[in-house]
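All remarks here apply to the structure that follows.
The values are calculated or read from the model by the stated rules, or taken from the named source; none is laboratory data. The structure displayed is predicted, hence computed values, not measured ones. Counting neighbours? That spans all protein chains shown, and the Cβs are built from the backbone with ideal geometry, glycine included.
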């Protein structure tokens with residue numbers, strides 16, 4: 001059996017076990033506005049771990065980044081700490097040419113509350129680091145099925161169209177977007193995914209947020 005396949009199998013099995021044994025932690029938010037096809041959420045400040053992944057493929061970048069983050073959660077850190085799996089796996093585009101294109105990605109995992117104040121230090125070879133998710137609002141469109149390269153562009157375009165026809169047409173803070181995935185790869189039906197776009201909407205209590213540099 002190839003090494004890559006073995007690692008993938010171990011990762012999937014570990015995630016499934018974690019999700020069965022206890023409900024994974026997720027970042028807290030409040031819904032400040034609901035529309036027919038999207039909602040606006042206010043997220044509080046939290047700490048995530050992020051892995052930059054320069055790749056033309058969303059799917060390949062997500063796997064590359066998540067593979068390194070998974071090693072970190074399994075103890076590949078200077079503290080030798082095992083970190084419970086959290087949701088979602090968030091893949092963010094680094095803005096490039098055009099409104100929905102990217103020149104790279106970074107893949108992020110929310111750190112459990114236990115590790116928010118004192119996160120384990122990842123091994124240098126993993127090329128991951130803490131990322132401060134500052135308080136701001138996110139416009140969110142939900143979609144089912146598998147998040148692949150073709151599907152995410154279509155869903156991001158739908159969210160962009162919805163925003164352009166809403167009172168928050170001028171509220172986007174950057175050209176990029178994020179894809180949040182909540183299910184293991186082996187789940188076939190009732191999959192949960194989301195498109196996230198950062199927005200600045202002071203009338204809803206939303207603060208502007210700077211684009212992270214990776």
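Restricting to the stretch 128-154, what's the tally of residues that are outside any strand (DSSP E or B), touching a residue at least 24 places away in the same chain (Cβ under 8 Å) and farther than 17 Å from residue 89 by Cα? Let's see the steps before the verdict.
First, pick out the residues of the stretch 128-154 that are outside any strand (DSSP E or B): 128, 134-135, 144-154.
With touching a residue at least 24 places away in the same chain (Cβ under 8 Å) added as a condition, the list becomes 128, 134-135, 144-149, 152-153.
Checking the rest, the ones that are also farther than 17 Å from residue 89 by Cα come to 134-135, 153.
Number of matching residues: 3.
Are any of the residues in the stretch 4-23 more than 20 Å from residue 149 (Cβ to Cβ), under 20 Å from the mean Cα position of the chain (by Cα) and at pLDDT 95 or above?
No, because not a single residue in the stretch 4-23 is more than 20 Å from residue 149 (Cβ to Cβ), under 20 Å from the mean Cα position of the chain (by Cα) and at pLDDT 95 or above.
Of all residues in the stretch 163-181, how many are closer than 19 Å to residue 94 by Cα and either at pLDDT 90 or above or outside any strand (DSSP E or B) (or both)?
10
Please determine whether any residue of the stretch 177-195 is farther than 26 Å from residue 25 by Cβ, in contact (Cβ under 8 Å) with a residue 60 or more places away in the chain and touching a strand residue (DSSP E or B) at 6+ places or on another chain (Cβ under 7 Å).
no
So for the stretch 56-66 (the condition being crowded, with 20+ Cβ neighbours inside 10 Å, at pLDDT 95 or above and more than 21 Å from residue 26 (Cβ to Cβ)), does at least one residue qualify?
No, the stretch 56-66 contains no residue that is crowded, with 20+ Cβ neighbours inside 10 Å, at pLDDT 95 or above and more than 21 Å from residue 26 (Cβ to Cβ).
Go through the stretch 182-204 residue by residue and tally those that are surrounded by fewer than 20 Cβ atoms within 10 Å (Cβ to Cβ) and not in a loop (DSSP other than H, G, I, E, B).
Going through the stretch 182-204 one residue at a time, the tally reaches 3.
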